[in-house]
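Written out below as structure tokens is the structure these notes cover.
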Amino acid sequence: MKIQSVEFRRCVICGAGPVENIDILKPLLRKNDFVIAADGGILLAKQLGLEIGQIVADFDSIPREQAHDTHAPVSLLPVKKDDTDTMVAARIGLEHGFKDFLFLGASGGRLDHTLANLAVMLFLAENNAKAALADEHNFVEMHLPGQVIVEPVRNCYLSLLPYGGSVSGLTVRNAEYELDNATLTPDYPLGISNEFSDRPVEISFKQGVLMVFFSKD
């Protein structure tokens, strides 16, 4: 199946992570999102009122009958496999040509699943795609070296954390706490809980993988 005109569309991947207040997630959605439900993510997609474009599942966390009324094509996966359901969904999104991804229901439950989904985000970033994950308290982006401009977000903290190693050559401007050619290491959370000013925050770095968090209590 080939999805038409994906250049300016986004792929939303719904996972089975717990979501207590779906109304917080609804403003993140766009009318032309293409939705892939990963196994138990079928339920989240239904709760959000989304039209599912593709299902990937081994149905180990949800009865297969839940897929019947979606009328979406199903990629049936074996229970024993190397890729997680979310990784398969990401690969399918890339095969369809998507370069912008949002993960919902991909955090907040099992910590190992959350960390696995961060790995999927890095996989997407390394394949020239934008990758973000959102839940009721957090929105996180994964970035490779370069420049990031962050608009102020009310009532949110801005945190910068390295992924998979150190981030070096990091400069942060227009935030409460600025940095100049700094290094973030995995064993010291220097970049946690920064605050916005009234100007866009300018972030640049030369090496590593940077996670940019927008978090609220």
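Bear in mind that the values in this text are calculations on the coordinates, not laboratory data. It should be emphasised that the depicted structure is a prediction, and the values quoted were computed from it without experimental measurement. Neighbour counts are summed over all protein chains in view; Cβ atoms, including those assigned to glycine, are modelled from backbone coordinates with ideal geometry.
A few comments on the model shown:
- The chain, dipole about Cα centre (Lys/Arg Cβ +1, Asp/Glu Cβ -1), debye to the nearest 20: 520
- Exposed-loop-free span, longest in the chain, where GluC sites (Glu not before Pro) count as exposed if DSSP calls them loop and at most 10 other C-beta atoms lie within 10 Å: 21-217
- Rg/Rh ratio calculated on Cα atoms of the chain (Kirkwood radius): 0.98
- Folded to 0 to 90 degrees: helix 111-126 orientation relative to the chain principal axis, Cα: 80
- Debye log10 I(q)/I(0) at q = 0.14 Å⁻¹ for segment 33-91, Cα point scatterers: -0.32
- For segment 125-217, the residue among Ser159, Ala182, Gly169 whose Cα projects farthest onto the positive side of the dipole built from Cβ charges is Gly169.
- Using a cutoff of 8 angstrom between alpha carbon atoms and counting only pairs six or more residues apart, the relative contact order for the chain works out to 19 percent.
- Each Lys and Arg contributes +1 and each Asp and Glu -1, all at the Cβ; summed about the Cα centre of segment 11-136, the dipole is approximately 260 debye.
- Karplus-derived 3J(HN,Hα), 6.51/-1.76/1.60, for each residue of segment 184-189, Hz, glycine and proline x: 9, 10, x, 9, 8, x
- With a threshold of 24 Å on the Cα-Cα distance, the over-threshold entries among Lys80/Lys130; Lys26/Lys99; Lys130/Lys206; Lys26/Lys216; Lys130/Lys216 are Lys80/Lys130.
- Summed residue charge, Cβ within 9 Å of Thr70's Cβ, Lys/Arg positive, Asp/Glu negative: -1
- Arranged from fewest to most other beta-carbon atoms within 10 Å of their beta carbon, Leu133, Leu122 become Leu122, Leu133.
- Counting other Cβ atoms within 10 Å as a rough exposure proxy, the listed residues Ser215, Ser193 run Ser193, Ser215 from fewest neighbours to most.
- Note on Ser166 and Asp33: with the Förster distance fixed at 35 Å, the Cβ-Cβ geometry gives a FRET efficiency of about 0.50.
- Farthest positive-ward along the chain dipole, Cα basis, beta-carbon charges - from Leu133, Leu25, Ile52: Ile52
- Translational diffusion of segment 11-136 was estimated from the Stokes-Einstein equation, with Rh taken as the Kirkwood radius over Cα pairs; at 10 °C and 1.306 mPa s the coefficient is 111 µm²/s.
- DSSP beta bridge pairing in the chain, given as percent antiparallel to the nearest 5: 60
- Compared with the rule-of-thumb size 2.2 N^0.38 Å for a compact globular protein, segment 160-217 has a Cα radius of gyration ratio of 1.06.
- Between the amide H of Ala131 and those of Phe101, Met142, distances stay under 5 Å, these residues lying 5 or more places away or on another chain, with hydrogens modeled in the peptide plane.
- Along the chain, the exposed loop sites are trypsin sites (Lys or Arg not before Pro) outside DSSP states H, G, I, E and B with at most 14 other Cβ atoms within 10 Å, and the longest stretch free of them is 155-205.
- Each of Ile62, Ile13 was scored by other Cβ atoms within 10 Å of its Cβ. Arranged with the fewest first, they read Ile62, Ile13.
- Between the alpha-carbon centres of segment 81-146 and segment 153-217 there is a gap of 20 Å.
- Taking 20 °C and 1.002 mPa s as conditions, segment 91-217 diffuses translationally at an estimated 143 µm²/s according to Stokes-Einstein applied to its Kirkwood radius (Cα pairs).
- Charge dipole of segment 11-136 about the Cα centre (unit charges at C-beta), most positive-ward option of Ile62, Leu118, Pro78: Leu118
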